[in-house]
Amino acid sequence: MRVPALLLALLAAGCAGSPAQLAHAPDPGDVRLTGGGEFTDGDTTAIAYDRKLVPPGAQASVTAESDAGQTLTSLVVEGLLPTRPYGAHLHTKPCGGTGEAAGPHYQHEPGQASVRNEVWLDFTTDASGAGRATARNAWRLEPGALPGSLVIHARHTTSSGPDAGAAGDRLACLTLK
C-alpha cells in the first residue's frame, strides 16, 4: 500500500512544475485575435462592400496580440488597387451584410478618437496592390470587451480636428476570432 501512495506523491510533484517553469506560463488575460481570407460578396468572415476599391481576388490577414500591458496589431493586404491610400481600424462588432454592422471603432477608453486610444492601421499599397501596417498601443485588449472586426476604409485616418478618427467609407471587413 505504501508504493501506490509514494507513486501518487511523485506524480503530483512532477505535475506541479518548478517555480521557474510556472513563471513563464502565459497569463490567462493574454489575448490573440486573428482574421483573414479572400474578400467575398457574402461571407462575413471576409466581406467586400465596394468592389471598385476592393476587387475580386483581394485578400487580407490581421493579428492582434495583447500581453504585458500592450497590444500589437498587424495587417497584410494583397490584391487591392495599386499605389492607393487606405485606412483600417479595429471595430466593436463582427462583420455583417453592410459596413455599418461592424459598429464603431474599438476604443480602449470610450469617447476619444485618437491614435493612442484606437488601433489605426493606415497603409498605401505598392504597385502590385499589396500593403502592410502595424500598430503598437500601450494598453491591452480586455478579455471581456474585445473588438469584433477589422474594417478597411477608403482613405487614411484624419488625425486631428472635429473629424479625428474618420477614414471614409467602409470598403471591406474581416471578422476576428
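What follows is calculated from the coordinates using simple rules that are stated; it is not laboratory data. The model shown is predicted, which means the values in this text are computed figures rather than measured ones. We place every Cβ from the backbone using ideal geometry, glycine too, and count neighbours over all the protein chains shown.
Within the set GLY96, GLY144, GLY69, the sole residue that is in contact with a helix residue (DSSP H, G or I) (Cβ under 8 Å, 6 or more places away or on another chain), closer than 19 Å to LEU33 by Cα and of a type outside the set (Lys, Arg) turns out to be GLY96.
To keep it simple, each residue is scored yes or no on (1) surrounded by fewer than 19 Cβ atoms within 10 Å (Cβ to Cβ); (2) in contact with a Pro (Cβ under 8 Å, 6 or more places away or on another chain).
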position: LEU81; (1), (2): yes, yes
position: CYS95; (1), (2): no, no
position: GLU109; (1), (2): yes, no
position: SER114; (1), (2): yes, no
position: LEU121; (1), (2): no, no
position: ALA127; (1), (2): yes, yes
position: ARG155; (1), (2): yes, yes
position: ALA166; (1), (2): yes, no
position: LEU174; (1), (2): no, no
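Taken together, the residues in region 62-99 that are within 11 Å of the chain's Cα centre (by Cα) and touching a residue at least 60 places away in the same chain (Cβ under 8 Å) amount to 12. In the set LEU146, LEU150, only one residue is outside any strand (DSSP E or B) and surrounded by 15 or more Cβ atoms within 10 Å (Cβ to Cβ); that residue is LEU146.
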